[in-house]
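First up is the structure itself, then whatever we jot down about it.
Each value in this text was obtained by applying a stated rule to the coordinates, not by laboratory testing. These figures come from a predicted structure and were not determined experimentally. Positions of Cβ are backbone-derived with ideal geometry, glycine not excepted, and every protein chain shown enters the neighbour counts.
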Amino acid sequence: MNKGTNNGSINSSRMGTYKSTNKGANIRKKEDLSNSIVKELKASDKPLSTSDLTFKLDKAWHTIDRACLMLQIEQKIEGFKVGKMDLWRMK
């Protein structure tokens, strides 16, 4: 093995990739997801589960769950449990 090629340290030229993130784009993505969730809940006449929203919006379950919890904190939607299932509806 070549000395210094894989010594476990991060190459300083690549460090910028890890440090720089476009936070504005991340915020817009979160807002877009939140708006999509609200849109789906408004269109539904019954509460939707996290799994329902996952399939409709083609996102990971955890992503949808966290977004719904944030919307609940912002008092835009209401969440409740039935058994082990989280259900969401407009407030």
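Taking the Cα-to-Cβ direction at R89 and at I73 and moving 7 Å from each Cα, how far apart do the two end points lie in nm? Here the answer is 2.5 nm between the modelled labels. Mind checking which lysines have their Cα closer than 28 Å to the Cα of K91? Skip sequence neighbours fewer than 8 apart in that chain. Hits, sequence-local ones excluded: K29, K30, K39, K42, K46, K56, K59, K76, K81. Modelled label positions at K39 and V82, each set 7 Å beyond Cα in the direction of Cβ, lie 2.6 nm from each other.
Subtract the Cα-Cα distance of K29 and H62 from 0.36 nm times their separation in residues, and report this length gain in nm to one decimal.
On the way: separation 33, 0.36 × 33 = 11.88 nm, distance 1.53 nm.
The span from K29 to H62 would gain 10.3 nm if fully extended.
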